[in-house]
Every structure is written in C-alpha cells, then in structure tokens.
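The values are calculated or read from the model by the stated rules, or taken from the named source; none is laboratory data. What you are looking at is a predicted structure, and each value in this text was computed from that prediction instead of being measured. Note: ideal-geometry Cβ built from the backbone for every residue, glycine included; neighbour counts use all protein chains shown. When the accessible area is computed, the model is the full protein with side chains, heavy atoms only, and any ligands, DNA or RNA have been set aside. Shrake-Rupley method; radii C 1.70, N 1.55, O 1.52, S 1.80 Å.
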Amino acid sequence: MKRFAATLLACLTALSLTGCGAAQPAELSLFAMDTYMTFVAIGDGADDVLSDLSRTVNSLEASLSRTVDTSEVSRLNRDGSAVWDEDGAQLLSWALQHSQETDGAFDITIAPLVELWGITSDSPRVPSQEEIDALLPLVGYEHVHQSAYYNISLDEGCAIDLGGIAKGYASDCAAVLFHRSALTGGCANLGGNVYVYGTNAQNKPWSVAIQDPADSEGYVCTLSLSDAFVVTSGGYQRYFTAPDGTVYQHILDPKTGYPAQSDLTSVSVITRGAFDGQGTRADAYSTALYVMGEQAAVDFWRSQRMSFDMVLVTADGRVVYTPGLADCFNEREGSAYVYQPLAS
C-alpha cells in the first residue's frame, strides 16, 4: 500500500560522488513488493551483502504477498489455516502486537476492504455503504489466531494483507545483514521505507529527506542519521478520483471502512535498533498515526514513553517533530511550513 515519501538523499549523493570518497559504494536496484528499491553497501564484502539482500527480498515477496497465488498469505486467506515459516510467523506476531498497541488503527485484517475499494488496483471504485457494512465485522486483529507460533488460522470469511508492513520487515532483514557484515555503511530504500547503517561514502551520517506532501519534487526537512529506520505514510501517495471529482486516498480506517479522514498529510516514524523489529514497528506505526490524526498521534507517542520519534506534516502547514530529533533535524531553508518541536 505504501510508501514513496522518505527519500534517501545521501544515498543518491553517494552514487554521484563515488570518485570523491575513500570507499566505493556497491549498488543494487530492483523492483519487488510493488515498488522500486535501492540498496547501497560500503566496505568489505559489499557485493555479497547486496546479493543476500536481493535473495531475501524476493523470498519475502514470494512468501508474504497477497497477490502471489502461491504465497503463504494467499494460502492462509484461501484455506483459513496454514503452517508458516519463521519469517512469516515472526512478522505476523509483530503485526498482531502493533495492532493491539494502536487499538486497531493499524490492522492487517483490512484485506476485504482493500479488495472492495481497489484503490491501488487498475479498477478502483467507491463501494456502497451496504457493501462496507457487510465487511466491517470481518475486520479486527482478534480474528487472527496464532498457536504454537507457526500455526495460523483465521475466522471464517476473514483475510489478511501484510502489504502495509512487509517492507518494514524487509528493512529489518537488511539491518541484520548490514550489522553482521564487515561493512562500514549501508542504506536500504524500499520504496520509501528507509534504513541507514553506519556512515556514507564521505564518512558522515546519512541524510534522509522527508518529502513535501504538496510537492513531489520537494522536501520539508532532512534528518542526519545512522543506524535508524525512517518510514513515511501519507494519503497523497496513492489515490483515485471518482467520477464526481471526489479524491479518495489509499489508507483506509479499519473502524469506518472508508479512506482515513486525517488532519495530517504525512507521518514519518523514526526508530532505532537492528535486531528487534524496529523497521516493522515504524511501518505499522506510521500507518496507524496517520489514521489517528495529530492529537491522537501525539498522545500515542507519549503513551509509548517516547520510545520512537516522529515528524508530522499537518494539513494547516506545520511540521511537528519530537525532541529526540533535535540534534539531527534540519529545516528546509525558505520553506513556507512552520516548524514546531514537541515538548516532552
């Protein structure tokens, strides 16, 4: 379902300045999980790491995609029960945890509604209220049952879609590969799900730009980061216009069955830690916080003991960011946005 909004400027800079730095970055680009991905690795064994990344991403897509008939997700949705491999079981466990934490603002059982609206398909449409009401009882993470970790089952008529979290899990896998290697630096840009490791080719932190929702060529700020995940969600990324001129964006509210009505135009979640699913967490939270809206997102951040950082771009032209980003947050010079640090 997402994401194109977090742009890895430093990755692009490294590619254009390879002759200037001491290290020559190795590069890999591929199309997977319905998005273009770019990987850069710097240091000993870079080519081997990128090969491992390519195999990992393709394997995850084959296993976790709802649109691949032979995937574990498709088998579960078709049969109602399945025995999953370790990757799928771990991702599902984290997905259910984050659904519970966000009180269902992020929910993988939204698949029937995603199919009904078809906003990211070739034939989107506005369904009737009756059609939505018929499917809403099937939405809710309590309809998913995980026993003995690998055994998964669904209540009758339910289905799951991991598209809103699978790229976050893939970025977690990239982080593990980077940390277990001899690399001095690396970056993984999975269609806007970004992970940066170590330092760039100039031996400096990576610079991650948060796209301006109102300008596909612009950005609202940059973040100077190492060993961090950045995931951005926004309704402007994918949408369709109905015959009556109404624009429907792709992020659905699991409670209403309609595209989320948010006072935010984008949410970026920043997490740290390479071995405990922080990329998956950022992916789930970015969707959930967008659905929640500004005040509920801030309340949620505080309820989680400020254990992650975020950048909120509001519909009224503000860029709100958490105090944990103060040392790495860079405003865009000349921007019309009002920059507003949150109080802890």
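Some notes on this structure:
- In this entry, segment 244-327 is assigned a mean projected area of 6.8 nm², taken as a quarter of its C-alpha convex hull surface.
- In this simple spin-label model, placing a label point 7 Å from the Cα along the Cα-to-Cβ direction at both Tyr258 and Asp69 gives a separation of 3.7 nm.
- Potential lengthening of the chain between Ala134 and Asp155 amounts to 6.0 nm, from the contour at 0.36 nm per residue minus the alpha-carbon distance.
- Karplus-based coupling profile of segment 281-292, in residue order and whole Hz: 4, 4, 5, 5, 5, 5, 5, 4, 5, 5, 4, 5, with θ = phi - 60° in 6.51 cos²θ - 1.76 cosθ + 1.60 and x standing for Gly or Pro.
- In this structure Glu115 has an accessible area near 120 Å², from a 1.4 Å probe over the protein heavy atoms.
- Over the chain: helical MRE at 222 nm, DSSP H runs n ≥ 4 each giving -39500 (n - 2.57), nearest 500: -9500 deg cm²/dmol
- For the chain, modelled as a GNM whose springs connect Cα atoms under 10 angstrom apart, the maximal fluctuation among Gly324, Gly279, Gly191 occurs at Gly324.
- Length released on extending from Ala315 to Val338, taking residue separation times 0.36 nm less the Cα-Cα span: 7.1 nm
- Compared with the alpha-carbon gap, the fully stretched path from Asp103 to Asp122 is longer by 3.7 nm at 0.36 nm per residue.
- Amide hydrogen neighbours beyond the local backbone of Ser266, cut-off 5 Å, H modeled: Val313
- Close amide H pairs (under 5 Å, H built 1.01 Å from N) link Ala228 with Val196, residues at least 5 positions away or on another chain.
- Only protein atoms count toward the accessible area here, which uses a 1.4 Å probe; on the chain, the carbon and sulfur part of that area reaches 48 percent.
- With a Förster radius of 35 Å applied to the C-beta separation of Gln24 and Asp215, the computed FRET efficiency comes to 0.60.
- Per residue, the chain exposes 41 Å² of accessible surface when a 1.4 Å probe is rolled over the protein heavy atoms with every protein chain present.
- Pairwise label distance in nanometres, Glu86 with Gln295, each label 7 Å out on the Cα-Cβ vector: 4.6
- Largest mean-square fluctuation among Val144, Val320, Val247, in a Gaussian network model of the chain whose springs join Cα atoms under 10 Å apart, belongs to Val247.
- Highest-fluctuation residue, Val319, Val126, Val57 considered, GNM on the chain with Cα pairs under 10 Å: Val126
- Long-range HN-HN contacts of Gly185 with modeled amide H, under 5 Å: Ile42, Thr199
- The HN-Hα couplings worked out from phi for segment 294-306 by the Karplus form 6.51 cos²θ - 1.76 cosθ + 1.60 (θ = phi - 60°) are 4, 5, 5, 5, 5, 4, 5, 4, 5, 5, 8, 6, 6 Hz, whole numbers, x standing for Gly and Pro.
- Hydrodynamic radius of the chain per Kirkwood, over alpha carbon pairs, in Å: 20.4
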